[in-house]
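Read through the structure below, which is laid out as structure tokens, and then see the notes.
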Amino acid sequence: MIYITEEQLDLPGLLAASHHPGAGAVVLFSGEVRDNNVGKKVDYIEYESYAPMASKMMNQIMEDARQRWDLQIAVAQHRIGKVKISESAVVVITASAHRSEAYASNRYIIDRIKHEVPIWKCEYFADGTSVWGGNCNCHTETGDLNKHIYESENG
Amino acid sequence: MKIEVFAALKNYFSKEFEITEQLETVADLRQHLKNINPSSSQLINMCRFVVQEDLVTDAHPLLSNDHVVVLPPSSGG
């Protein structure tokens, strides 16, 4: 599976390939570039990754999700390079017999991608400034750089 | 040893550079990087370190020919 790509994410194509006779529920999450952040107008976001490790970690996250839930389909891709407003930077698709597993596993996968996988965003603002941003700072609460707090575990 | 940095760390260091000082552990390297550029300290404290493509702890011993990758906290998605 391709986990990291410089190409535009093909959401319709990925969804079309995610139907399964045993799946009554398909969930697609698309993380898209918003035109504003911290009160400033955003022009675009540029993503960078440490690709060999990022792919390996995403593969492990998918394996872990398949261990925890009975999934017919589990797909994730993250785009790197310049991503424009309303374009998808990351997509996660999960399919299972019933919706609870598809929703839960999808959220688990995106949470872990955001916190653990070595991918970084640099936001470029309309005023000409840019900032590497949105860093995971879970360790300030967990005391360990490898322990994270996931939204999906906090309702 | 060869050091490679990513993302916000490039505001403080070259993308790739060599360190010739003898450093015993990742903890020593963390401190050394802070000494080279004190304004990077807050970020360096939050970074994870990779040696030969594996995440390692601060106690991990370093060899002079290691390739060390320094990862700031993730901000994907």
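The values are calculated or read from the model by the stated rules, or taken from the named source; none is laboratory data. Values in this document were obtained by computation on a predicted structure and should not be read as measured data. Every residue, glycine as well, gets a Cβ built from its backbone with ideal geometry; the counts of neighbours run over all protein chains shown.
Assorted remarks:
- Residues of region B:24-42 satisfying the condition of being modelled with pLDDT of 95 or more, of a type outside the set (Ser, Thr, Tyr) and more than 13 Å from B:His67 (Cα to Cα): B:Glu24, B:Ala27, B:Asp28, B:Arg30, B:Gln31, B:His32, B:Leu33, B:Lys34, B:Asn35, B:Ile36, B:Asn37, B:Pro38
- Region A:107-145, residues that are facing chain B (nearest Cβ under 7 Å), in contact with a Lys or Arg (Cβ under 9 Å, 6 or more places away or on another chain) and over 10 Å from B:Gly76 (Cα atoms): A:Trp132, A:His139, A:Leu145
- Of the residues B:Leu23, B:Leu29, B:Leu62, the single one that is more than 11 Å from chain A (Cβ to nearest Cβ), in contact with a Phe, Trp or Tyr (Cβ under 8 Å, 6 or more places away or on another chain), crowded, with 18+ Cβ neighbours inside 10 Å and of a type in the set (A, V, I, L, M, F, W, C) is B:Leu29.
- Residue among A:Gly13, A:Gly22, A:Gly39 that alone is loosely packed, with under 15 Cβ neighbours inside 10 Å and modelled with pLDDT under 95: A:Gly39
- Of the criteria (1) surrounded by fewer than 17 Cβ atoms within 10 Å (Cβ to Cβ); (2) more than 25 Å from A:Ser55 (Cα to Cα), which one B:Asp54 fails: (2)
- The residues of region B:42-77 that are over 15 Å from B:Glu24 (Cα atoms) and small (Gly, Ala, Ser), listed by number, are B:Ser74, B:Ser75, B:Gly76, B:Gly77.
- Annotation note: of B:Val56, B:Val69, the sole residue that is β-branched (Val, Ile, Thr) and in contact with a Pro (Cβ under 9 Å, 6 or more places away or on another chain) is B:Val69.
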